[in-house]
Amino acid sequence: MDPWCVYKFGGSSLADAACFRRVARIVTDVAAARPTGVVVSAMGGMTNALYALIDAAEQGQDNFDEPLRALAQRYEITAGSLLQPQQRGEVLREFYSDINSLEDVLKAISLVRSAPLRSRDLIAGFGEIWSARLLSAVLAAQVPAQSVRWLDARKVLTVRQTKLAPSVLWETSAERLADELGRAFAGIAVITGFIASDETGLQTTLGRNGSDFSASIFAALLNAQELTIWTDVDGVLSADPRRVPEAEVIDTVSYSEAMELAYFGAKVIHPQTMGPAVDNGIPILIRNTFRPERPGTQILPVSDRHQPIKGITGIDGLALVNVEGAGMIGVPGTANRVFSALHEADVSVVLISQASSEHSICCAVPEDRADIAVDALRKRFSTELADGQITRIDAKRDMSILALVGEGMHGVPGVAGRFLSTLGRAGINVNAIAQGSSERNISLVVRRDDATRALRAAHSGFYLSRKTLSIGLLGPGTVGSAFLDQLATQADALAERFSLDLRVRAIAGSSKWLAAPRRLGLTDWRGAYQQAQTLESLDAFVDHVDADHLPHSVIVDCTADSDIAARYPAWLQRGIHIVTPNKKAFSGDAELAASVRSAMSVGGSHCLYETTVGAGLPVIRTLQDLIETGDRVKRVDGIFSGTLAYLFNQYDGKVPFSTIVSEARAQGFTEPDPRDDLSGMDVARKVTILARELGWPVSLESLAVSSLVPEPLADVDVEQFMAGLPSFDAAMAERLEQAHKSGKHLRYVGSLDVNDGASVGLVEVDSNHPFANINLTDNVIRFTTERYADNPLVVQGPGAGPDVTAAGVFADVLRLASYLKGAD
């Protein structure tokens, strides 16, 4: 006979008729291949309703018609949806017989206003009986009826109640199981969870989580190949998803890891219920009834050690009790006195931490027992307190424990250090730490107010890829839009090839913003942005982007806003990275530029601004490489404006200069106001940025800039400027003619020279000069250094246009990801 498998379905999996149908499909898919035990809980909420009836009876209520009618109505509706009339009649007859018995017991309780344990067990167990009876009828209608058995666990499972937990009488239970099922049965056995019988044959229960315990017991009795706990989650998660949105299903955990996670708050399975399966080496699977296609989590004797950390979990509602005093040093038995006092006061200790100096002992206890714990300890150490040998016994309330769990931590150095440094970077103080010799669990005590932030920080520090970036875009204009479009086309490929998770989580303009808790869809972000909410405060945008459950955040600033640039130091100091083509922070106030650099050091952050000088060209990176490798830069000069490059490539004297400007404006090659290009200030900003990279004391105000805007036209409106520009064509034509007479060309150049300083203006260059022969809108930058003295290094290519600039921004984002790849 094929080996058994055992399935357990909880109350959420059996909430209504649709749930019963879903469970039946899952069971019949497996039962055709091998014998299947199906352990069931009561329908969702049924056990609580039964306990509520007991409480009402103890308070003297003697009329139970209405609550019993509500139970019956729910059961009738469910059965009516699932069964044909004949089957339904049989199931309901037995159900109403139970209801009559239930009412008799409740009235008896009401008379004495007290519910003996036997009565409680009898009433609480009806829910499982009703579920098992109904599911077996549903299954019998879908497969040969003789292959389905309803197994009343009270006739099989025999336990002895102890102070700790029910103890299974294995031999007796195994014999009774063989009698009930027969040794050759190979069909579907639908088994009541939660209930059992004691040694005298009276009904009892296995306590809360008893159905999981029942499943584990029957898996052992049937020598099952595996036990599957079907619930309403996809498996054991790396953290509580209500607190850590990035929590993921763990593929495999060991028995020990599962117990640690369960003890410290993971609710999927109770550690005590796993015992029989663990003792018999039976794999346990946690799967989702509502998404059976998901593989779930395997709980195995030994798990995959490839991932050292399996989960981060926590417990709230604790207090940290501290016993402190120099009189404890070197005195044997002090710890024993502390914990015996707590034991006698019935205070459970969750965590223990003792300084190696023996000067203090602290332990975490349930917060509602903190006063009792402190009183008990003060009584036990009253003499030492009076003598000053113990100086302090008190409790810190509102505490939580964080537990880092994983067998793969064993023998791996630096895990505890990384845990602590991760919380330190998040600004979270640790009040106590404990680690067992197994190195399977590292536990920290933090303030409850910090617990969620600590869980998120720890999860991102250990569990998420170091290449997960939370991205916020400022300025969805020409360049910003192109960046988002480029990212949309490449995001999937980057995730697949490089595990690079670039999450655009917010987009903000000057008056509105669009945000998503996980990520924005980029296929139709424009449509969504049209419906975006009003941007009340830039701080809300920043707080959203800088999510504490993600390891890194980056603001991509595609504006030209000086007020936004002024915020860079605060963002960088906070640990937020910046990628930007905005020149204002690097070419304006020297103090702001210096603050940006110092803020990066404080926050451990990066600010990448390659596109501030050459759009997509590697100008700043090239200069930095030269400096960092020890070369000495003597001169940097170049054509830094694609617009001005175009104008002087086109201008040959045959067509007036003003006409070329007008045509270029019409084609979108200039700014809406051409004076923004002709003034030379854009070039001056780029030269200032490069000067500061070199450490040269150049400011925008001190830079000699030769503007091409005629002074009489400087302050008129744009149309007046365009109308008046032809009046100055003669002067420009004269300059061109002088250059041609010398065999030279006019080019608008910015230059930095170690001897001659910095300048920006129109110059004449020889025909064989690198600046003379360029494509229409090319930028070309020349680096003259000690290494590149006779043959300067030249960087040339398109230096303007939204797509080119956006590509440079995208490249900076990818470069940032590479910097963060191995960071802690």
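The values are calculated or read from the model by the stated rules, or taken from the named source; none is laboratory data. Bear in mind that the values here come from a model prediction, so they are computed numbers and not experimental data. Note: ideal-geometry Cβ built from the backbone for every residue, glycine included; neighbour counts use all protein chains shown. Just so you know, the surface numbers come from the protein's heavy atoms only, side chains and all, with ligands and any DNA or RNA stripped out. Shrake-Rupley method; radii C 1.70, N 1.55, O 1.52, S 1.80 Å.
Sort through 375, 450 and tell me the only one that's open to solvent by less than 40 Å² (accessible area, probe 1.4 Å), part of a helix (DSSP H, G or I) and among the charged types (D, E, K, R). Full working, then the answer.
Numbers: 375 fails: open to solvent by less than 40 Å² (accessible area, probe 1.4 Å).
Testing whether each residue is open to solvent by less than 40 Å² (accessible area, probe 1.4 Å), part of a helix (DSSP H, G or I) and among the charged types (D, E, K, R) leaves just 450.
Is it true that residue 597 is out of contact with any helix residue (DSSP H, G or I) (no Cβ under 8 Å at 6 or more places or on another chain), open to solvent by 50 Å² or more (accessible area, probe 1.4 Å) and not in a helix (DSSP H, G or I)?
Working: out of contact with any helix residue (DSSP H, G or I) (no Cβ under 8 Å at 6 or more places or on another chain): yes; open to solvent by 50 Å² or more (accessible area, probe 1.4 Å): yes; not in a helix (DSSP H, G or I): no.
Taking the combined requirement at face value, the residue does not satisfy it.
One line per residue, one yes/no per condition, for (1) open to solvent by less than 50 Å² (accessible area, probe 1.4 Å); (2) outside any helix (DSSP H, G or I); (3) modelled with pLDDT of 90 or more:
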| residue | (1), (2), (3) |
| --- | --- |
| 227 | yes, yes, yes |
| 241 | no, yes, no |
| 267 | no, yes, no |
| 282 | yes, yes, yes |
| 303 | yes, yes, no |
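Only residues that are under 26 Å from residue 581 (Cα atoms) and surrounded by fewer than 23 Cβ atoms within 10 Å (Cβ to Cβ): list them for segment 649-664, please.
Taking segment 649-664 first, the residues under 26 Å from residue 581 (Cα atoms) are 649, 661, 664.
The answer is 649, 664.
Can you name the condition, by its number, that residue 394 falls short on among (1) among the acidic types (Asp, Glu); (2) open to solvent by 60 Å² or more (accessible area, probe 1.4 Å); (3) part of a strand (DSSP E or B); (4) over 26 Å from residue 255 (Cα atoms)?
For residue 394, the failing item is (2).
Can you tell me which residue within segment 789-814, out of those that are out of contact with any Asp or Glu (no Cβ under 8 Å at 6 or more places or on another chain) and not aliphatic (A, V, I, L, M), is surrounded by the fewest Cβ atoms within 10 Å (Cβ to Cβ)?
Once the filter is applied, the top-ranked residue is 790.
To keep it simple, each residue is scored yes or no on (1) surrounded by 19 or more Cβ atoms within 10 Å (Cβ to Cβ); (2) over 48 Å from the mean Cα position of the chain (by Cα).
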{"residue": "37", "(1), (2)": "yes, no"}
{"residue": "45", "(1), (2)": "no, no"}
{"residue": "48", "(1), (2)": "no, no"}
{"residue": "65", "(1), (2)": "no, yes"}
{"residue": "68", "(1), (2)": "no, no"}
{"residue": "75", "(1), (2)": "yes, no"}
{"residue": "101", "(1), (2)": "no, yes"}
{"residue": "104", "(1), (2)": "no, yes"}
{"residue": "118", "(1), (2)": "no, no"}
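Across segment 346-372, which residue is least open to solvent (accessible area, probe 1.4 Å) among those that are over 11 Å from residue 322 (Cα atoms) and assigned to a strand (DSSP E or B)?
That would be 351.
Looking only at segment 630-658, count every residue that is without any contact (Cβ under 8 Å) to a residue 40 or more places away in the chain and of a type in the set (Val, Ile, Thr) and tell me the total.
1
I'm told residue 433 meets every condition in (1) surrounded by fewer than 17 Cβ atoms within 10 Å (Cβ to Cβ); (2) more than 30 Å from residue 377 (Cα to Cα) except one. Can you identify the failing condition by its number?
For residue 433, the failing item is (2).
List pairs: first in segment 362-378 and of a type in the set (Lys, Arg), second open to solvent by less than 20 Å² (accessible area, probe 1.4 Å) and not in a strand (DSSP E or B), Cβ under 6 Å, 6+ apart or cross-chain?
369/347
List the strands (runs of 3 or more DSSP E) inside segment 480-557, counting only whole elements, that have at least 1 residues being farther than 15 Å from residue 577 by Cβ.
Per the criteria, 501-508, 512-515.
With respect to residue 319, determine if the residue is touching a residue at least 60 places away in the same chain (Cβ under 8 Å), surrounded by 21 or more Cβ atoms within 10 Å (Cβ to Cβ) and not in a loop (DSSP other than H, G, I, E, B).
The answer is yes for residue 319.
Can you find a residue that is touching a residue at least 24 places away in the same chain (Cβ under 8 Å), buried (at least 19 other Cβ atoms within 10 Å of the Cβ) and in contact with a Phe, Trp or Tyr (Cβ under 6 Å, 6 or more places away or on another chain) anywhere in segment 195-205? Even if it seems obvious, please write down each step before you answer.
If we filter segment 195-205 for residues that are touching a residue at least 24 places away in the same chain (Cβ under 8 Å), which is where we start, we get 195-199, 202-205.
Checking which are buried (at least 19 other Cβ atoms within 10 Å of the Cβ) leaves us with 195-197, 204-205.
Within this subset, residues satisfying the condition of being in contact with a Phe, Trp or Tyr (Cβ under 6 Å, 6 or more places away or on another chain) are 205.
Yes, there is a match, as at least one residue in segment 195-205 is touching a residue at least 24 places away in the same chain (Cβ under 8 Å), buried (at least 19 other Cβ atoms within 10 Å of the Cβ) and in contact with a Phe, Trp or Tyr (Cβ under 6 Å, 6 or more places away or on another chain).
Can you list the helices (runs of 4 or more DSSP H) lying wholly within segment 109-221 that have 3 or more residues being within 21 Å of residue 96 (Cα to Cα)?
Details: elements: 117-124, 126-140, 170-181, 210-221.
Because the criterion is at least 3 residues that are within 21 Å of residue 96 (Cα to Cα), the helices (runs of 4 or more DSSP H) in segment 109-221 that meet it are 117-124, 126-140.
Of everything in segment 19-33, what is open to solvent by less than 50 Å² (accessible area, probe 1.4 Å), closer than 20 Å to residue 82 by Cα and not hydroxyl-bearing (Ser, Thr, Tyr)? Give them in sequence order.
Residues of segment 19-33 that are open to solvent by less than 50 Å² (accessible area, probe 1.4 Å), as a first pass: 19-20, 23-24, 26-28, 30-31.
With closer than 20 Å to residue 82 by Cα added as a condition, the list becomes 19-20, 23-24, 26-28, 31.
Within segment 19-33, 19, 20, 23, 24, 26, 27, 31 qualify.
Looking only at segment 632-668, which residues are in a strand (DSSP E or B) and not acidic (Asp, Glu)?
Taking segment 632-668 first, the residues in a strand (DSSP E or B) are 633-639.
Scanning segment 632-668 gives 633, 634, 635, 636, 638, 639.
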